[in-house]
1. Looking at (1) modelled with pLDDT of 60 or more; (2) over 20 Å from I143 (Cα atoms); (3) of a type outside the set (V, I, T), can you tell me which one L187 breaks?
2. Filter region 34-60 down to residues that are among the basic types (K, R) and touching an Asp or Glu at 6+ places or on another chain (Cβ under 6 Å) and give me whichever is farthest from R128 (Cα to Cα).
3. So L40 ticks every box in (1) touching a residue at least 24 places away in the same chain (Cβ under 8 Å); (2) out of contact with any strand residue (DSSP E or B) (no Cβ under 6 Å at 6 or more places or on another chain) but one. Which box is left unticked?
4. Here is a check on your reading of the model: is L91 outside any loop (DSSP other than H, G, I, E, B), within 21 Å of the chain's Cα centre (by Cα) and either crowded, with 18+ Cβ neighbours inside 10 Å or in the same structural domain as M189 (by TED's automatic domain parsing) (or both)?
5. In the set R127, R207, which member is modelled with pLDDT of 85 or more and among the basic types (K, R)?
6. Assess whether I70 counts as being under 19 Å from A183 (Cβ atoms) and in contact (Cβ under 8 Å) with a residue 12 or more places away in the chain.
7. Can you say whether Y45 is among the aromatic types (F, W, Y) and over 15 Å from D196 (Cβ atoms), as far as the supplied structure shows?
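The values are calculated or read from the model by the stated rules, or taken from the named source; none is laboratory data. For clarity, every value in this text was computed on a predicted model and none was experimentally measured. Because the Cβ atoms are built from the backbone with ideal geometry, glycine has one as well, and the counts that use them run over all protein chains shown.
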Amino acid sequence: MSVVVTARELGLLRCHACGAIYRLPSQDDCCHCRRCGVRLHLRKYNALTRAWALLIAAAMLYLPANLIPIMKTSTLLEQRSDTILSGVVALWQQGSPEIAVIVFVASIVVPLAKIAVLALLLVTAQRRSAWRQAERARLYRFIEFIGYWSMLDVFVVALLVGLVHFRGLAEVQPGGGAVAFAAVVVLTMLASKSFDPRLIWDSEPSRQGRQPS
């Protein structure tokens, strides 16, 4: 089995903005990319601290995002307020189980899973764990890919507010839960962007001078 050699061990430094490769300078954070001008660094500055702060804020807002009504509907016949979960139930009862499942996964399962996975990545990176590093790197890429789908409910509410506005007959207004939910999605996206996935591999012991076997 071949040994994984990191760019850091080879004396290489990658620009995180444009991907240009440079020789490692004598001191970290001491030069700028000649292509795009951003500061070069081996690891994002205070990546764990910033990611933890954003993730804790997102976790604190997750409960109000699901408990406070996300949408208020007024018609001639009734007035109702729906949370994300009650909206899923209503969709299921009205004969749209496929849409109900999509909304449930995108708006409840995905944000919760993203918070849990980011917490796992942060804890293991902070402890410099060598546990399943390749799988953790894939997990990070996966949550980066699915994170944007969490905005589904916010897009639906915004669309309905813009389209359904017949004063006195029917009207849709966003609830406080929509603001909290949007904040959860944005904070988790910022937390994943703040985390430096290169920290996953920092637990690897130095292998300078070793040859692949």
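1. Checking L187 against (1) modelled with pLDDT of 60 or more; (2) over 20 Å from I143 (Cα atoms); (3) of a type outside the set (V, I, T), the one that fails is (2).
2. For region 34-60, the residue satisfying everything is K44.
3. Of everything listed in (1) touching a residue at least 24 places away in the same chain (Cβ under 8 Å); (2) out of contact with any strand residue (DSSP E or B) (no Cβ under 6 Å at 6 or more places or on another chain), L40 misses just condition (2).
4. No: the conditions fail for L91.
5. Values: R207 fails: modelled with pLDDT of 85 or more.
Going through R127, R207 in turn, the sole match is R127.
6. Numbers: under 19 Å from A183 (Cβ atoms): yes; in contact (Cβ under 8 Å) with a residue 12 or more places away in the chain: yes.
Yes, satisfied.
7. Values: among the aromatic types (F, W, Y): yes; over 15 Å from D196 (Cβ atoms): no.
Answer is no for this residue.
Matching residues to (1) at pLDDT 85 or above; (2) within 26 Å of A58 (Cα to Cα); (3) among the polar types (S, T, N, Q); (4) surrounded by fewer than 12 Cβ atoms within 10 Å (Cβ to Cβ):
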site	(1), (2), (3), (4)
E98	no, no, no, yes
V105	no, yes, no, no
V123	yes, yes, no, no
A137	yes, yes, no, no
V156	no, yes, no, no
V164	no, no, no, no
G168	no, no, no, yes
